[in-house]
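The structure appears below as C-alpha cells.
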Amino acid sequence: MHLRRAGMPPSAYRLHLEAPVETVEDVWGIIKSRAALHHLTSHLPVRNKYRSFRCDDDFVSCVRLILCGDSTVHLPCPVGTLEEFEEEIGRISEDLNSLPRNLWEDYGIDLVERALDTSMVDVKAIYELYTDSPA
C-alpha cells in the first residue's frame with residue numbers, strides 16, 4: 001500500500017511467499033484473523049503492548065486486496081473470499097463481545113498460537129519482536 005501511494009506501479013513489485021502449502025495456509029490464516037481483529041479493535045485506545053501493534057488500516061486493506069485477487073501478492077495456497085473474511089470478522093466480534101476487554105489481549109495472542117505448532121517456537125517472544133512498544 002505504501003509503495004502504491006508513493007507512485008510505484010503495482011507491476012514493479014511482487015510479494016511471493018514460498019513455503020510448504022500447509023505452512024502458507026497457517027500463516028495466511030493468522031494474517032486474516034489478525035486483520036479481522038484489528039478491524040474490530042482499531043477504534044479503541046492503545047492500552048497494552050499487544051494492542052500497540054500499530055498497523056493502520058493499510059493492514060486490513062492489504063488483506064482485502066489479496067482476497068480480491070491482487071496480483072502483487074502470490075500465496076501458493078487458497079486465499080479464501082471477501083465474504084469469508086467478513087464472516088471471520090463477525091465470528092471474532094461475537095467472541096470479543098463475550099469476553100471482558102482485559103482478556104482481548106490474550107485472545108489476540110491465541111489467534112497466533114492456536115494456528116501454529118508452537119512446540120518448537122516461542123511465539124510470544126517472536127510476537128514481541130515485531131510489535132511496537134507503547135508510546
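Of the conditions (1) modelled with pLDDT of 85 or more; (2) under 17 Å from the mean Cα position of the chain (by Cα); (3) among the hydrophobic types (A, V, I, L, M, F, W, C), residue 12 fails just one. Which one is it?
Of everything listed in (1) modelled with pLDDT of 85 or more; (2) under 17 Å from the mean Cα position of the chain (by Cα); (3) among the hydrophobic types (A, V, I, L, M, F, W, C), residue 12 misses just condition (2).
Out of segment 58-93, which residues are farther than 21 Å from residue 17 by Cα and surrounded by 16 or more Cβ atoms within 10 Å (Cβ to Cβ)?
So in segment 58-93, the residues farther than 21 Å from residue 17 by Cα come out as 83-84, 86-93.
If the condition is that a residue be farther than 21 Å from residue 17 by Cα and surrounded by 16 or more Cβ atoms within 10 Å (Cβ to Cβ), then 88, 89, 92 are the ones that fit.
The values are calculated or read from the model by the stated rules, or taken from the named source; none is laboratory data. Keep in mind that what you see is a predicted model, and the values were worked out from it rather than measured. Here Cβ is always computed from backbone atoms with ideal geometry, including for glycine, and neighbour counts include all displayed protein chains.
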